[in-house]
Structures are given as structure tokens and as C-alpha cells.
Amino acid sequence: MGSSRVNTVTTIKSFKLSHEGMVRINNEDYAEIVADKNFYILSDGMGGHNAGEIASEIIVTSIIEEFKEN
């Protein structure tokens, strides 16, 4: 007796959306999608701290660079 195998394909549609909220005038969150690797990352900024939006972007881009290298 042979075994049968069913091949399935899963499609994931994704997008990124963020909002500064009701308190802040700028959004300190940063997100990226590496769709071909099914890799999604979000850094939630430290609201009210200096340069939180810069810190969020730096950590996300650094992790993506490391992820792509390995």
C-alpha cells in the first residue's frame, strides 16, 4: 500500500498600519515585512522618550539585516 500526500499552498496577505494614538503628535512605532521570508517585525516606541521613533527604526532595521545575513 502506498501513502498519499496532499500538497497545499498557504497564501498570507499582510500589511502594516500604525497610529500615533490619542496622546502623542508623532508615531514612535516602526514595522517592516520581509514577505519572501514570511518575517514580520514591530518595535513599539517608548512614548514620550526622546527619539523613540529613531530607536524603533534602528532596532527593526538591525534585526532585519541580521536575519537576511543568516
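The values are calculated or read from the model by the stated rules, or taken from the named source; none is laboratory data. Note that the coordinates shown come from a computational prediction; the quantities given were computed from them, not determined experimentally. Neighbour counts are summed over all protein chains in view; Cβ atoms, including those assigned to glycine, are modelled from backbone coordinates with ideal geometry. These accessible areas exclude ligands, DNA and RNA; they are computed on the full protein's heavy atoms, side chains included. Shrake-Rupley method; radii C 1.70, N 1.55, O 1.52, S 1.80 Å.
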Computed over the chain: longest principal axis from alpha-carbon atoms vs helix 52-69 long axis, angle to nearest 10 degrees, is 30
Accessible area per residue of the chain at 1.4 Å probe, in Å²?
-> 89
Residues with amide H under 5 Å from that of residue 39, placed H, sequence gap 5 or more | 34
Here D for the chain, in µm²/s, from Stokes-Einstein with a Kirkwood Rh over Cα pairs at 4 °C and 1.567 mPa s, works out to 89
For the range 18-31, what does the Karplus curve 6.51 cos²θ - 1.76 cosθ + 1.60, with θ = phi - 60°, yield as ³J(HN,Hα) per residue in whole Hz, taken in order and with x for Gly and Pro?
-> 8, 9, 6, x, 9, 10, 8, 9, 10, 9, 9, 7, 9, 9
How much of the accessible area of the chain, probe 1.4 Å, is carbon plus sulfur, in whole percent?
-> 53
For the charge dipole of the chain, defined by +1 on Lys and Arg C-beta atoms and -1 on Asp and Glu C-beta atoms about the Cα centroid, which residue among 6, 40, 26 has the Cα displaced farthest towards the positive pole?
-> 6
Determine the dipole magnitude for the chain: charges of +1 sit on the beta-carbon of Lys and Arg, -1 on that of Asp and Glu, nothing else is charged, the reference point is the Cα centre, and the result goes in debye to the nearest 20.
-> 500
Using only protein heavy atoms and a 1.4 Å probe, report how much of residue 12 is accessible, in Å² to the nearest 10.
-> 100
Hey, for a label at residue 50 modelled as a point 7 Å past Cα toward Cβ, could you say which residues of the range 3-39 have their backbone N under 13 Å away?
-> none
